[in-house]
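The values are calculated or read from the model by the stated rules, or taken from the named source; none is laboratory data. Given the structure is predicted, the values throughout are model-derived calculations rather than measurements. All Cβ positions, glycine included, derive from the backbone under ideal geometry; neighbour counts span all protein chains shown. Surface accessibility is based on the protein's heavy atoms, side chains included, excluding ligands, DNA and RNA. Shrake-Rupley method; radii C 1.70, N 1.55, O 1.52, S 1.80 Å.
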Amino acid sequence: MGNVDRRKFLQGSGLVVGGVALESQIKALSGHYGSDGAVGFALSQASTSQTASLCNANIKTNIGLGDETPGIIDQFGQLDSRNASICLSIGDVPLKSPDLHWSQSLEDGCLPIVSTEVKSPRGGARWTSAATNAADVRADYLEFSQASLPLKVNLWFPFTTRIEAKDGIVTSGDRIVAVFPPSAAVNLSQAKYNLTTPARESWSLSRQPWSPEVPAGFRPTPIPGLDPAFASGRSSYLFRSLRYRFPAEAGKTYHVVLGLYVQKRSEFRYSRSESLLDLSANDKTVTVDMADVVAGEPFLHDFAIQPSTNEIRVASAVNPSSTSPYRWVMLNAIWVFEGAVDLAQVKTGALSDKALFYVPCGEEPIADRACRASFELSGADAAKCRIILPYDLDTSRRDTLTALRSGSPGASAKQHWEPLLQSGAQFSTGDPRLDNLYRTSLLNIFLLRTKYPGAANKGEDLYLVKPGASIYDAFWYRDAAYIIAAMDVAGQSEEAEKSLRLFWQTGLAGNFGSYEQQESGLWQSPLDQSDGQGQVLWALVHHAQCSGNFEWLRKVYPNIRKGTEWIRNVTTQMRYLTENGERPIYCGLLPAAEGEAIGQGYIYYHDFWAVLGLRMAMQAAKAVNEEKDVVWMTDAYDTFCANLSASVKLAFERVGDKKYIPATPFHPVSQLDIWGSIAALYPTRFLSANDPMISQTLDMMLQHCQEDEYTYFNRKKLWTYITVDWAMCYLLRDDLETFHRLFDGYVAHASPTNGWTEEIFLETRQGTGDMPHGWAAAQFVHLLRNSLVYEDNDVLHLCWGAREDWLNNGITVRHAPTRFGAVDFEFRKVGDSLLLDYRVNRGTHQEAYSQAQLHLPLSVKQPVSIRVNGQVKALTAGQRAIQLE
C-alpha cells in the first residue's frame with residue numbers, strides 16, 4: 001500500500017471525531033500528565049462504573065470456542081484467526097491510521113462477540129467478530145452490519161503457498177480456508193514461502209515483541225560488512241521452535257544455509273552460554289552450542305539436501321539438554337541455493353540476490369510468506385458482507401456453506417458460552433461494569449486454555465491453562481495456579497480438576513514431561529524459578545477444599561507429600577554456616593533462583609510461597625489422616641518459618657533501612673523491585689496484617705504508585721494484575737478506603753472489551769505482554785469473589801469489600817465454593833434497613849468455620865437495623881460488622 005495523505009482523505013470524506021473512542025479518552029487525560037508522562041491524579045474518588053478508561057492503547061480481544069487456539073481482534077477490529085488474517089481499510093486508508101476514531105464493545109457486555117465501529121458525519125462502518133460452531137463447522141467470522149463507506153478487505157493466508165478463489169470460496173488444496181460474498185471480484189497473490197510457526201508466537205529481535213506492526217519497507221540498520229539479515233532475527237521460547245517451509249522439487253539437490261548472529265550488546269537477555277540449538281533442514285540436523293558462537297561474528301551452516309517431497313522444511317529448535325531456563329530459540333537468516341556456495345560471500349550478503357529463497361528472519365514481508373485474496377466493497381455491498389474463516393473444513397463439505405452464509409452466527413456463539421456462565425457460582429453486585437468484567441474474565445480463562453486429546457494418563461485429555469494467546473502461549477506454574485484457583489472459586493470445579501492433571505500426573509509424553517513433577521518432587525516451569533513449588537501445593541489442596549472432593553485429594557496426596565519433601569530437603573541443605581562459622585542471612589531458605597521481574601538470588605517471594613505450600617500440605621495430610629506426615633511437615637514448617645523470619649527481619653533492617661522488605665537479603669529497592677514482598681501477607685499469610693514490616697512496605701509502595709496501580713520502582717511502567725494482591729493486603733488490614741482505591745485502579749485499566757494487558761508503559765500507554773492476559777483475568781475473578789466471600793483462616797467473611805452502591809440493586813451470591821462449603825446469600829437495602837438471607841451448605845468432609853461475619857459497607861447514612869434470615873437486629877452507631885454465627 002502506498003503513502004496516503006490521510007488528512008486530505010479525512011477532510012474529503014468527513015471522517016472526523018466520532019463515537020466514544022478509547023484513543024479519545026486517553027487524549028482527554030493529557031491535561032493531567034506531567035512532563036515525565038506520568039498521570040498525576042488519583043481515581044480513588046470515582047465509582048467503578050464511572051471511571052474513565054486508562055487501559056493500554058494496543059488493545060486486543062480474544063474470540064473462540066475455548067480449549068483451542070483463539071482468534072485475536074486488534075484495537076481496530078481486524079481479525080487474526082487460526083489459518084488466516086483479515087486486514088481492513090477504508091478506501092486506501094488503513095484502519096491503523098491514528099486519524100480514524102473507533103469504539104469497541106462486547107455482546108451483552110461480556111460475551112466474546114466483538115463489535116467494532118468507525119463513525120464520521122458522512123457515514124460509518126460497524127462489524128462484528130466471533131467464533132461459531134454453526135452447521136457443525138468451527139470457524140471465526142467477521143460480519144458487517146453497517147457500511148456507508150468504501151471498504152477494502154485483504155485476507156492473508158500464512159500457512160500455504162498457493163490459494164484459489166471461485167464463487168466466494170478460497171481453497172488451498174483440499175481445504176476451504178475462507179468464505180465471503182460470491183459477488184466480490186477477487187485479486188490473488190501467492191506466497192513465496194511460509195513461516196509455519198505462527199507469527200504471533202514469535203517475534204523480531206530488532207524490536208520488542210509487543211511493538212505494533214512496523215511500516216512496510218522497514219529494515220533495521222545493517223551491520224557494516226555483513227548481510228542486512230544479521231541486523232535482525234526471529235526468536236521464541238519455552239520449547240517453541242521456529243519453522244519455515246519452502247516449495248521445492250523432489251529429488252533435486254539444494255544447499256540450505258542457516259545463519260545465527262549474537263549481538264555484542266543485547267537487550268533481550270539471550271542466555272547464549274546456556275543454550276543449545278538444533279538447526280535443521282529436512283532430515284539433517286546440527287546442534288549449535290551458543291557458548292561457542294562469538295558475539296559480533298556470524299555463524300553459518302550449509303545443509304546439502306535432496307527433498308523426498310515437494311518442500312524444504314527449516315527449523316531452529318531448543319536441544320532437550322539445553323539448560324537455558326526459558327528454552328530460547330533464534331534464527332537470523334535463511335538462504336536456499338540451487339548449488340554449492342562460498343559461505344564467506346553469503347556472510348557479506350554478496351550472494352543474497354542469487355538465492356532461490358532469501359529470508360531475513362524477523363523482517364519477512366507478509367507478501368512473501370502469505371498468500372492474499374483482496375476485494376473491495378461498496379457501502380451497500382459491505383453491509384451484507386460476511387467473511388468466514390473455517391478452522392478445518394474439507395472441500396467435500398461445500399454443502400455446509402449455505403448454512404454458514406445464512407442464519408445467525410452470533411446466536412450460535414451465545415448458545416455456546418451462556419451455559420458456562422449459568423453454571424458454577426454466581427456473583428452479582430448490581431454494577432453492570434463489574435458484573436460483566438467478572439463474566440468476561442471467566443470466559444477469557446477458558447479461551448486461553450488448550451485441550452490435548454488423550455495426552456494425560458489413561459487416555460484422558462490434558463488441559464493446559466495459559467496466560468496468553470501469542471507470546472505467552474506457554475505454561476507457567478505461577479500463572480496456572482492463580483488461574484485454576486479462580487476456576488475453583490468460580491464454582492468450575494470439574495474444569496479445575498481437568499486443568500490440574502498436568503500438576504500431578506507423571507509419565508507424560510513430549511514437552512508435557514518436562515513440566516510434570518520431577519523425581520525429586522520439584523515442580524518448575526520455567527526452569528530456575530522456585531515459586532511454583534508452593535503455588536502447586538496451594539492449587540492442589542485449594543481445589544480439594546473448594547470442591548469437597550477428598551477422594552481426589554487422596555489420589556494426588558503422594559505428589560503433595562513428594563513436593564513437600566522437596567522443600568524440606570533443600571531448605572535443610574541450606575542450613576549451614578560460613579567458613580567463618582557464621583550463620584548466613586540465607587540460612588535455611590530456598591536455594592538461589594530467578595525471580596519473575598525481580599532478578600537472580602535468594603528470592604523472598606519464592607520463600608513466602610513455600611510457607612503457604614507447607615501449610616496447605618499439612619492441611620492435606622490431616623484431611624487424609626496421614627498423622628506421621630503431619631508431624632514431620634509441622635516440624636519442617638516451623639523450622640522454615642523461623643529461619644525465614646530471622647532472615648526477613650535482618651534484611652528489613654539492614655537492606656530496607658526499616659522502610660520495606662527487600663526482594664532478596666542483599667538488594668535494596670534501587671537494584672531490584674519489591675513487588676514480591678507483599679506476598680508475605682497475601683496470599684501466603686506469613687506475616688500478620690499489621691506487622692510493622694508489612695505496614696512500612698505497603699506505605700512505600702503506595703507513595704510510589706501511579707494511576708492507582710502497582711508501579712515498578714525501577715521502570716516507568718505499571719504491572720496491572722499485581723495490584724489485586726496488593727489490594728487484598730489492605731482488605732486484610734480492614735483499610736477499605738485504600739482497598740477500594742486500588743480496586744478502582746484495576747478496573748480503570750480494563751479495556752472496553754473487559755481485558756487487561758500485563759504491563760503498561762506510562763509514557764506511551766503501550767501495553768506489554770499478551771492481552772487479554774489470563775492471570776489478569778483470574779485476578780479479577782479472585783478480587784470480586786473475595787470482596788463478597790472470603791475465608792480468613794477459620795473465619796468466613798461476607799461482603800468485606802462491598803460498596804454501599806452495590807446494595808441499591810442488591811448483592812446476590814449463589815453456590816460460591818469455600819473451604820467451609822457453598823455459600824448463598826442475598827444482601828440488599830430496604831429503606832433505612834438492611835436485609836440478609838444466607839446459608840452455608842457444608843460438604844461431608846469440609847471443615848466448619850469458627851465464626852461468620854457480615855461486613856456493612858462504608859456508608860454516608862448509617863442503617864438502623866438489619867434482618868438476618870428473618871430475625872431483626874438493631875445496629876449501633878458506627879457498627880461495621882455483624883457476627884452471624
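Solvent-accessible surface (1.4 Å probe) assigned to Leu238 amounts to roughly 10 Å². A Förster radius of 60 Å combined with the Cβ-Cβ distance from Ala881 to Lys716 puts the calculated FRET efficiency at roughly 0.90.
Report the full-extension gain for the segment Asn841 to Asp735: residue separation times 0.36 nm, less the Cα-Cα distance, to one decimal in nm. Display every interim value, and only then the final one.
Details: separation 106, 0.36 × 106 = 38.16 nm, distance 2.99 nm.
Gain on extension, Asn841 to Asp735, equals 35.2 nm.
Between Lys628 and Ala848, full extension at 0.36 nm per residue minus the direct alpha carbon distance yields a gain of 76.8 nm. Model label sites at Asp368 and Ser859, defined 7 Å from Cα along the beta-carbon direction, differ in position by 6.9 nm. Stretched out straight at 0.36 nm per residue, the stretch from Glu164 to Ala350 would grow longer than its current Cα-Cα span by 63.3 nm. Taking all protein chains into account, the per residue accessible area for the chain stands at 38 Å² (1.4 Å probe).
The angle between the Cα long axis of helix 722-732 and the main principal axis of the chain comes to about 10°, on a 0 to 90 degree scale.
Once you list every other residue whose beta carbon is under 13 Å from the beta carbon of Ala689, what net charge do they have if Lys and Arg are +1 and Asp and Glu are -1? Don't jump to the answer; show the numbers that get you there.
Numbers: positive: Arg685, Arg733; negative: Asp691, Asp734, Asp735, Asp792.
Counting the neighbours of Ala689, the net charge comes to -2.
By a straight-distance test (C-alpha under 23 Å), which lysines pair with Lys354 as possible cross-link partners, with residues fewer than eight away in the same chain excluded? Hits, sequence-local ones excluded: Lys192, Lys252. Annotation: peptides 177-190, 151-164, ranked by per-residue average of other Cβ atoms within 10 Å with the highest first, follow the order 151-164, 177-190. Among Lys562, Lys555, Lys384, Lys354, the sequence by solvent-accessible area, most first, with a 1.4 Å probe is Lys384, Lys354, Lys555, Lys562. The figure for Glu847 is an accessible area of roughly 70 square angstrom, using a 1.4 Å probe on the protein chains alone.
Sorting Tyr358, Tyr237, Tyr849 by accessible area puts them as Tyr358, Tyr849, Tyr237; the probe is 1.4 Å, largest comes first, and only protein heavy atoms count.
The value of relative contact order for the chain, using C-alpha pairs under 8 Å at least six residues apart, is 13 percent.
Summing charges over all other residues whose Cβ lies under 15 Å from the Cβ of Glu418, with Lys and Arg as +1 and Asp and Glu as -1, gives -1. Kindly express, to the nearest 10 degrees and within the range 0 to 90, the angle between helix 432-447's C-alpha long axis and the longest C-alpha principal axis of the chain. Approximately 60 degrees, to the nearest 10. The modelled label-to-label distance between Gln573 and Ala642, using points 7 Å beyond Cα along the C-beta direction, is 2.3 nm. Here the label points at Ser211 and Asn457, each 7 Å from Cα along the C-beta direction, are separated by 4.7 nm in the simple model. The distance linking the stretch 730-789 with the stretch 616-684 is 25 Å (Cα centroid to Cα centroid, whole angstrom). The value of relative contact order for the stretch 326-436, using C-alpha pairs under 8 Å at least six residues apart, is 18 percent. Counting only alpha carbon atoms, the long axis of helix 736-748 and the longest principal axis of the chain meet at about 10°.
Using C-alpha pairs below 8 Å separated by at least 6 residues, the relative contact order for the stretch 133-254 is 21 percent.
State the percentage of accessible surface on the chain attributable to carbon and sulfur atoms; use a 1.4 Å probe and exclude ligands, DNA and RNA.
On the way: 15940 of 33530 Å².
Of the solvent-accessible surface of the chain, carbon and sulfur hold 48 percent.
Each Lys and Arg Cβ is given +1 and each Asp and Glu Cβ -1; about its Cα centre, the chain then shows a dipole of about 1060 debye.
In the structure displayed, which of Lys658/Lys717; Lys451/Lys628; Lys649/Lys717; Lys284/Lys347; Lys498/Lys562 lie more than 27 Å apart, Cα to Cα? Display every interim value, and only then the final one.
Values: Lys658/Lys717 25 Å; Lys451/Lys628 38 Å; Lys649/Lys717 29 Å; Lys284/Lys347 21 Å; Lys498/Lys562 21 Å.
Beyond 27 Å: Lys451/Lys628; Lys649/Lys717.
Using the rule -39500 (n - 2.57) for each DSSP H run of four or more residues, divided by the residues of the chain, the 222 nm mean residue ellipticity is -8000 deg cm²/dmol.
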